[in-house]
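The structure appears right after this line, and notes come after that.
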Amino acid sequence: MFPSRWEILSMTSTQNAANTGQILREHPKKQVEIGRIRNVGSAMAVISINKSVIRNNQLHLAQIGTILKIVTSKSIVVAMVGSLKIGSEDSEGMSDGCLATLNIMGEITTNDTTRETKFFRGVRSFPVLGEAVYTMSAQELTLIFNRENESCIEVGRLQQDNSIVAKVRIDDLLSKHFAIIGSTGSGKSCTVALVLQAILNENPMGHVVLFDPHNEYSKSFGNRAEVIDQDSLDLPLWIFDFVETCELLCSDIEDQAREETEILHDLLLKAKRLYDRSVKSGTISSQVKLDDIEAELQRSTHITLDSPVPYRIRDVAKLIDHEMGKLDNANNLAPYKRLNRRIATLIADPRYQFIFRNQASPRPIEELVGRIFRLPVNGKPISCLDFSGIPSDSLNIVVSVVSRLAFELATWSERKLPILLVCEEAHRYIPRDKSLGFHSTRKIIGRIAKEGRKYGVSLGIISQRPSELEPSTLSQCSTIFSMRLSNEVDQNFVRAAVPDGAAELLSFLPSLGTAETMVFGESVNLPMRVILNTLAEEYRPHSSSAQFTELWKQDHATPQMMSKVFDRWRARSMYPDGKLAETPQIPTVKDTRAALRQLSPTRQSQPAQARPQAQVRRAPAAPSHQPNPLAAQVRERMKAKGAAAPSSLSDVKSLLNSAFHKNI
């Protein structure tokens with residue numbers, strides 16, 4: 001009696017398994033035959049699940065996302081379950097078991113020359129009809145997901161087999177960008193902290209900048225992070241490029257902005273050359289007649305509009321006034337007045353204080369850039385830019401400038417200083433709608449997404465609304481950590497960006513648990529469903545929801561608390577009485593009057609023994625425990641020049657005026 005067709009296929013499959021025994025020695029755990037192939041294509045296969053699997057209640061071995069194997073004559077084909085359905089009805093109206101659709105991912109094979117067994121993407125030897133499909137052993141899963149000879153980080157355990165460590169290759173993760181997306185409450189912030197901590201553990205000399213809009217990560221990295229908040233951020237206007245400066249200072253109306261841009265084109269260049277001239281001459285006072293040096297400022301030098309050369313905002317205002325006084329501009333003063341008004345408004349706005357800090361004595365670019373990008377590292381490889389006290393307009397400006405500085409730093413260092421920029425809440429400053437956001441921010445982040453790999457600038461995109469992100473930026477992220485997403489629009493947007501032809505696996509994204517993620521892309525061999533590692537309590541981000549029932553049990557709105565709240569609100573700072581006092585202040589009228597009293601000629605002529613009494617009488621105007629800074633500057637200036645004590649009130653005013661301009 002001749003064997004049946006299925007018996008022939010079964011014997012063929014058994015023989016193929018014997019031939020590939022040299023590829024892998026089976027794990028002691030018994031493998032289970034899930035079913036047989038009924039239909040096969042170039043990227044997918046349909047199998048009929050064995051009735052014994054159904055009868056023994058083992059369907060969980062073939063649930064969506066499970067990785068199975070097909071033993072062929074030359075390799076072991078690796079496939080992932082994409083969907084399940086009930087089989088068609090037979091002639092008696094009974095359902096013919098279950099059918100499963102498999103996505104073919106790659107194969108495990110042995111190199112004939114090196115005899116090395118590895119997993120490879122793509123398939124050379126396809127399975128045939130009737131071949132058996134088996135469960136994967138732990139040894140085979142380890143071979144697929146772990147690369148022993150490559151730098152990797154551990155992020156969790158496989159959902160299919162929690163004995164297998166889920167690892168991600170660092171170089172592929174960073175060099176080709178990555179994204180972490182998920183709905184609120186899915187564990188997205190903890191995933192960000194987990195991934196960054198794992199990267200820093202393996203690379204303690206890294207350079208990471210984290211944009212933190214909600215002050216979530218200030219405690220997540222312990223003493224390895226340099227936290228920079230609104231009160232300590234120093235990002236002067238002169239470090240902006242010309243486009244960023246125009247977007248800050250110019251009007252939103254196109255015609256007006258065109259006129260103002262033309263004016264700033266000349267004035268900013270003159271302001272930089274004016275400051276450079278004063279530094280070289282050794283006099284930093286801005287009391288110089290512009291008519292006398294007009295030709296010198298027009299002369300071509302090495303300074304360009306985008307050169308990071310310091311200039312003082314007071315010099316810009318002075319140049320605007322100077323241009324307004326020319327007869328050529330007498331009939332077109334409106335753009336000059338708008339610029340002056342805009343500059344005065346920004347200087348008076350405490351939200352933009354980080355732009356006009358240290359105007360009297362600008363800090364060198366080495367200090368400014370070094371603190372943000374951790375150059376040198378000094379035990380703190382990551383800087384957290386806390387934007388919780390900065391409004392959205394300022395946030396866009398800071399992100400634009402810091403991102404551009406990162407790109408230029410990597411470019412001029414010849415790729416020897418790789419930098420990772422992590423953009424939390426990325427949809428806020430690179431939105432899909434081109435009418436929103438900051439043009440310069442969209443432009444530089446888009447350039448980093450497209451060209452950053454060549455220069456050593458990596459991008460980490462974090463968002464809870466991927467559908468609101470600029471599409472081309474997300475599409476450049478070759479690795480995606482996709483957590484629970486309940487919005488169908490967001491799911492479709494991610495589905496279009498997911499590689500490996502595994503888009504069907506996103507169908508169960510709404511059902512993912514907290515701290516559970518799907519990992520797709522270049523840094524993993526296959527898409528992984530991962531149970532993430534648990535972060536220690538002290539390193540978890542401050543992203544938990546407010547406890548309404550607990551906080552509403554008693555009234556916390558005491559007069560003392562509300563006074564503190566309103567003080568912060570007015571000062572636009574969480575430290576209205578603390579850190580702001582440490583920053584340099586522009587002299588006020590009160591400071592000037594106090595300095596005049598301290599330096600008046602009558603006071604200089606008083607006997608030494610009488611001065612303490614005079615100081616006691618004047619204590620309310622100038623407290624003795626806090627010497628007037630303006631008076632100290634005047635004394636230092638007099639001492640440096642070897643000048644005699646002022647003999648008249650006009651001399652005093654001249655000295656004060658010089659010191660006042662120096663401080664601005």
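In table form, for the structure just shown:
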quantity: Residue match in the stretch 318-338 (condition: under 30 Å from K416 (Cβ atoms) and at pLDDT below 85); calculated: no
quantity: Selection status of N215, in contact with an Asp or Glu (Cβ under 6 Å, 6 or more places away or on another chain), open to solvent by 20 Å² or more (accessible area, probe 1.4 Å) and over 20 Å from I531 (Cα atoms); calculated: yes
quantity: Filter result for I444 (modelled with pLDDT of 85 or more and in contact with a Lys or Arg (Cβ under 6 Å, 6 or more places away or on another chain)); calculated: yes
quantity: Members of the stretch 376-402 that are modelled with pLDDT of 90 or more, open to solvent by less than 30 Å² (accessible area, probe 1.4 Å) and either part of a loop (DSSP other than H, G, I, E, B) or more than 23 Å from S440 (Cβ to Cβ) (or both); calculated: V377, P381, I382
quantity: Residue that is under 30 Å from T534 (Cβ atoms), out of contact with any His (no Cβ under 6 Å at 6 or more places or on another chain), open to solvent by less than 10 Å² (accessible area, probe 1.4 Å) and without any contact (Cβ under 8 Å) to a residue 60 or more places away in the chain, where the choices are V81, V77, V168; calculated: V81
quantity: Single match in R415, R442, R484, R453 (criterion: of a type in the set (D, E, K, R) and closer than 29 Å to T534 by Cα); calculated: R484
quantity: Positions within the stretch 102-122 being farther than 27 Å from S163 by Cβ and among the β-branched types (V, I, T), in sequence order; calculated: T113, T114
quantity: Verdict on A344 being assigned to a helix (DSSP H, G or I) and over 24 Å from the mean Cα position of the chain (by Cα); calculated: yes
quantity: Pairs with Cβ under 6 Å, 6+ apart, first in the stretch 329-357 and free of Cβ contacts under 8 Å to residues at least 40 places away in the same chain, second open to solvent by less than 30 Å² (accessible area, probe 1.4 Å) and in a helix (DSSP H, G or I); calculated: N329/E323; N340/I320
quantity: Those strands (runs of 3 or more DSSP E) lying entirely in the stretch 98-209 with at least 1 residues in contact with a helix residue (DSSP H, G or I) (Cβ under 9 Å, 6 or more places away or on another chain) and of a type in the set (K, R); calculated: 117-121, 165-169
quantity: Enumeration of residues in the stretch 239-255 that are open to solvent by less than 10 Å² (accessible area, probe 1.4 Å) and part of a helix (DSSP H, G or I); calculated: I239, E244, T245, L248, L249
quantity: Count - residues of the stretch 107-143 that are at positive phi and either of a type in the set (S, T, N, Q) or touching a residue at least 12 places away in the same chain (Cβ under 8 Å) (or both); calculated: 2
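The values are calculated or read from the model by the stated rules, or taken from the named source; none is laboratory data. This one's a predicted model, so the numbers in the text were calculated from it and none came from an experiment. Methodologically, a virtual Cβ is constructed for each residue, glycine included, from the backbone with ideal geometry; neighbour enumeration extends over all protein chains shown. Side chains included, ligands, DNA and RNA excluded: accessible areas come from the protein's heavy atoms. Shrake-Rupley method; radii C 1.70, N 1.55, O 1.52, S 1.80 Å.
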